Amino acid sequence: MTSDQIIAILAAAIVAGTPLLYAALGEIITERAGVINLGVEGMMLVGAVSGFTVAVGTGNPWFGVMAAAAAGGAMASIHAFLTISLRANQVVSGLALTIFGTGLSGFLGKPMVGIVAPKTLAVINVPALSSIPWLGPILFRQDALVYLSYLIVPLLWCYFYRTRGGLNMRAIGENPAAADSVGINVFFLRYVYTVVGGAFAGVGGAYLSLAYAPTWLENMTAGRGWIAVALVIFAMWDPVKAMLGSYLFGGIDAMGFRLQAMGINVISPFFLKMLPYIFTVIVLIIATRKSLKKHIGAPGALGLPYDREER
Amino acid sequence: MKKHQVMVEMKKITKSFSGNLANDKVDFIARCGEVHALLGENGAGKSTLMSALTGLYRPDSGEIRLRDKTIELKSPRDAIEHGIGMVHQHFKLVKPFTVTENIALGASTTPFLLNMDKVEAEIVSLAEKYGMKVDPRAKVWQLSVGEQQRVEIIKMLYRGAEILILDEPTAVLTPQEVDDLFETLGQMANAGCAVIFITHKFKEVMAGSDTITVLRNGQNVATVKTSETDQNKLAHLMVGREMTAKPLEKKGQPGEVVLKLDEVEAFNDKGMLALQSISTEIRAGEILGIAGVAGNGQRELAEIVTGLRETSAGKIIILGEDYTDRSPKEYISAGVAHVPEDRLGTGLVPNLNAVDNILLKNYRNHRGHFLDLKESRKLAEKMVEDFQIKLSSIDDPIKLMSGGNLQKMLLAREFHSEPKLIVTVYPVRGLDIGATRAVRQLLLEQREQGAAILLISEDLDELMELADKIAVMYEGEIMDILPPTYDNLETIGLLMAGSKCEEVGV
């Protein structure tokens, strides 16, 4: 392989990793607050279809991104109502959300199949930075949503560990009763972080339909929502590690595609397509064992509904 | 504020829960510079009264006055804004957080961008002022229970609490930690705070308070100066009758060795070594008491001698036969009875009725695939009568029964098979005086009939009364085995805190 080919694969890794990154960040936010939402796949699909529809309708991809965030948030608010207010089982509710989202997006997207968006998210070369050898073409010849994610990751990290809001958020995920006893509104905040998490997943979906593909195809996430859920565990609920993990998965995804394009046909293309999913399983085994050893892991109250009266 | 000035006055507080009167026109006064003990049996209304003062419950009627002004408390947050802070029996701490993070959490003074150095400095100065030792950078899960309690106290002081309420603060502490706690509470009172603690232990009331209010059946029966009363008077006030404090009798001589543990080791659920080279034996007709602060391997010990947990090393020998790592069923067949810590979770099935719960242990003795329900009912009825269990009907789910009756039923079931070895963990936890006495009496009867008993307890007085030998556990090790005399009390306390004998000077 030439260096150009390697650069091309790495740049493609970031593009393929970005939808995963947005979805994983959203799920990290939600889970840090103690709510597990397995509806990521469904929220991404609904985000993708509403983003694409609005972008086609308005001719402005940014309106599409906003619509996707709103749609993802709306989907998540169903989950929030069921699990936070009604204290339904979070796993069951999340699975239902994925099935619902898959169906809903297929239904809404019927008229959109085969349409080409008039305008999608364009690649912007960052002046100066994009001409750095190696790093420039990989990191700084991307679209605006990628650049936005470069900003969001460190900001989220600071929010988690350096602000009062982040402290409260982690507290309601670890021990809601303790947080409640010092006057933190557990129910309200869990709603907020669940909806925000859904908005992130929606944006992840919109990235697929507005930048990565860019078109609408039924079921176009192809399991990326599930990879994002696995990534959260791999990243140990940390946004920076989620970024690395997303690019790693993006890389595997991109490699399969590129190797084929380069005419390297040693391995069956079906096998290459399978790689990210096999890798998910392997990574989960390794990450879980590691977290067992180091006694770090999921937020203490993850998946548990909070009930003030319960003793 | 000046000493002895009234800080809080609660007037004619009444609160009922679905028809049950928990507080009946209770008057209560807490003064500045005073440690005030709130004494009463379980269900006397102590917690309800204090919950009204911390905004958890709103009283049906009555008035709360703070510094001569009527206040209304709608939530715990309201209470803390008025300077009323509560340290709950079960700590409200976020375990993976540091001490500093826990203290800053939810405080109104915490800025959006955290400044932990500043909080740390304040914690250190508060801790010094009241003579408490605490490392602000330690994670809470690494702290001992006593240290966690200090964090809770500092958390309240950091929020400017001037009235500090502690719910059963001594239940989880070693005797030395209790002394330290009372020292701290005294210093806080000296600094002008009003300190209130809830308890049902006379000894601690006498040692740690200036004034005592006794509640009985939801009413304030007396408020007295500690210096003007004694344990007998308090006991009389608390139960409403003279205590028949005749000590329980212990008869009989120990027989053959029933349980022998040889260098046993085991891991806990987190995969850490919870038991280290445990070697001891219990003879028939003998009670071995295990003293120690909860979480030092007692649970794991009970689990390995009932077959519920695998050992990683060593041997368990019951009546001469090696039972190491056999199944719980084989332990039961060998005559091992288990009265677990969590009687409603592990011991009994809350939603089943008395007949089914009793059946759980001896269904194997029924012939064929069908259960003989008639016989089971008869057995259940007999047990209810023999053990004087009070229940509405043997067909009702047992979760409707009171704690004391549940425990009696569990004992009835476990003792029915005439066990050779009885493993019992915190057998009187949460029981009132009457039920406690009944349970202890039943244990002594089993001892008399020749059962070997492993009694894990957090109450040293109970161990003194029942045990023939006391083994002290600390971090999974048996530190020493001592005879149950009050002369050994201090030594036992130090061993519970992890000091070796040489350091103790024995």
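Rule-based calculations on the coordinates, nothing more; no lab input. Keep in mind that what you see is a predicted model, and the values were worked out from it rather than measured. With ideal geometry, Cβ positions are generated from the backbone for all residues, glycine too; neighbour counts draw on all protein chains shown.
Computed over the stretch A:153-287, the P(r) curve from all C-alpha pair distances, binned at 10 Å from the origin, holds 10, 32, 32, 17, 7, 2, 0 percent per bin. Taking 0.890 mPa s as the viscosity and 25 °C as the temperature, the Stokes-Einstein diffusion coefficient of chain B based on its alpha-carbon Kirkwood radius rounds to 99 µm²/s. Only helices enter the 222 nm calculation for chain B: every DSSP H run of n ≥ 4 contributes -39,500 (n - 2.57), and dividing by all residues gives -9500 deg cm²/dmol, rounded to 500. Annotation: aspartates and glutamates with alpha-carbon distance below 13 angstrom to B:Lys378 (same-chain offsets under eight excluded): B:Asp356, B:Asp386, B:Asp395. A viscosity of 1.002 mPa s and a temperature of 20 °C, combined with the Kirkwood radius over C-alpha pairs in the Stokes-Einstein formula, give the stretch B:6-239 a diffusion coefficient of 118 µm²/s. Please quote Rg/Rh for the stretch B:78-200 to two decimal places, taking the Kirkwood radius as Rh and restricting both calculations to Cα atoms. Computed over Cα atoms, the ratio is 0.93.
Within the shell of other residues whose beta carbon sits under 12 angstrom from the beta carbon of B:Lys469, the net charge comes to -3, with Lys and Arg scored +1 and Asp and Glu -1.
Size descriptor for the stretch B:371-506, Kirkwood hydrodynamic radius: 16.9 Å (Cα pairs only, one decimal).
When the square roots of the Cα gyration tensor eigenvalues are ordered a ≥ b ≥ c, the ratio a/c for the stretch B:197-341 is 1.5 or more and a/b exceeds b/c, which makes its shape prolate. For chain A, the number of Lys pairs separated by eight or more positions or lying on different chains, with C-alpha atoms closer than 26 Å, is 6. Modelled this way, with points 7 Å down the Cα-to-C-beta line, the labels at A:Ala144 and A:Arg308 are 4.3 nm from one another. Among A:135-145, B:17-27, A:246-256, sorting by the average number of other beta carbon atoms lying within 10 angstrom of each residue, highest first, gives A:246-256, A:135-145, B:17-27. Multiplying each eigenvalue of the alpha-carbon gyration tensor of the stretch A:68-129 by 5 and taking the square root yields semi-axes of 33, 19, 9 Å, largest first, rounded to whole angstroms. By DSSP, the beta bridges lying fully in chain B are antiparallel in about 55 percent of cases. From Cα pairs below 8 angstrom and at least 6 apart in sequence, can you work out the relative contact order of chain A, rounded to a whole percent? Once normalised by length, the contact order is 36 percent.
The fraction of all Cα pairs in the stretch B:418-477 landing in successive 5 Å bins from 0 to the largest distance is 4, 17, 29, 27, 15, 7, 2, given as whole percents. Applying both filters, DSSP loop and at most 14 other Cβ atoms within 10 Å, to the chymotrypsin sites (Phe, Trp or Tyr not before Pro) of the stretch B:298-382 gives B:Phe370.
The value given for the protein assembly as shown is a Kirkwood hydrodynamic radius of 30.7 Å, derived from the mean inverse Cα-Cα separation. Counting only other chain Cβ atoms within 10 Å of each residue's Cβ, the peptide A:169-176 averages 4.
Exposed loop positions in chain A were taken to be GluC sites (Glu not before Pro) whose DSSP state is not H, G, I, E or B and which have at most 16 other beta-carbon atoms within 10 angstrom. Between these positions, the longest stretch is A:1-217.
Remark: the stretch A:109-150 is approximated by an ellipsoid whose semi-axes, taken from the C-alpha gyration tensor as √(5λ), come to 30, 10, 8 Å, largest first. When GluC sites (Glu not before Pro) are flagged only if DSSP places them in a loop and at most 13 other Cβ atoms lie within 10 Å, the longest unflagged stretch of chain B comes out as B:311-506. Can you bin the stretch B:324-399 into rounded, prolate or oblate? Criterion: square roots of the alpha carbon gyration tensor eigenvalues sorted a ≥ b ≥ c, rounded for a/c under 1.5, prolate for a/b above b/c, oblate for the rest. Oblate shape, in that a/c is at least 1.5 and b/c is the bigger or equal ratio.
State which entries of B:Lys92/B:Lys270; B:Lys69/B:Lys92; B:Lys12/B:Lys201; B:Lys374/B:Lys408 exceed 24 angstrom in Cα-Cα distance in the structure shown. From B:Lys92/B:Lys270; B:Lys69/B:Lys92; B:Lys12/B:Lys201; B:Lys374/B:Lys408, over 24 Å: B:Lys69/B:Lys92; B:Lys12/B:Lys201. Normalising the Debye intensity of the stretch B:1-139 to I(0), with uniform scatterers on Cα atoms only, and taking log10 at q = 0.10, 0.13, 0.19 Å⁻¹ returns -0.45, -0.73, -1.19. Three principal axis extents describe the C-alpha atoms of the stretch B:125-171; from largest down they are 28, 27, 17 Å. Summarised as an ellipsoid, the stretch A:3-294 has semi-axes of 30, 22, 19 Å, derived from the eigenvalues of the Cα gyration tensor scaled by 5 and square-rooted, with the largest first. Tell me which of A:Thr288, B:Gly498, B:Ala44 sits at the most positive position along the dipole axis of the protein assembly as shown, charges placed on C-beta atoms (Lys, Arg +1; Asp, Glu -1). Positive-end residue among those listed: A:Thr288. Qualifying trypsin sites (Lys or Arg not before Pro) in the stretch B:329-421, where qualification requires a DSSP coil assignment and no more than 12 other C-beta atoms within 10 Å, comprise B:Arg367, B:Lys390. Per-residue mean of foreign Cβ neighbours for A:231-244 is 0 (Cβ atoms of other chains, 10 Å radius). Put simply, when B:211-218, B:47-54, A:224-231 are sorted by average Cβ atoms within 10 angstrom per residue, most first, you get A:224-231, B:47-54, B:211-218.
Using the Cβ-Cβ distance between B:Glu330 and B:Lys251 with R0 = 41 Å, the FRET efficiency computed as 1/(1 + (r/R0)^6) comes to roughly 0.80. Beta bridges per DSSP, both residues in the protein assembly as shown: antiparallel share near 55 percent. Between helix A:3-32 and chain A there is an angle of about 20 degrees, using the helix long axis and the longest principal axis of the Cα atoms.
For the residues of B:91-98, the average number of beta carbons from a partner chain within 10 Å of their own beta carbon is 6.
Expressed to the nearest 5 percent, the antiparallel share of DSSP beta bridges inside the stretch B:6-239 is 55 percent. Averaging Cα coordinates gives a centre for the stretch B:24-56 and one for the stretch B:385-411; these two points are 31 Å apart.
Among the trypsin sites (Lys or Arg not before Pro) in the stretch B:260-318, those located in a DSSP loop and surrounded by at most 15 other Cβ atoms within 10 Å of their own Cβ are B:Lys270.
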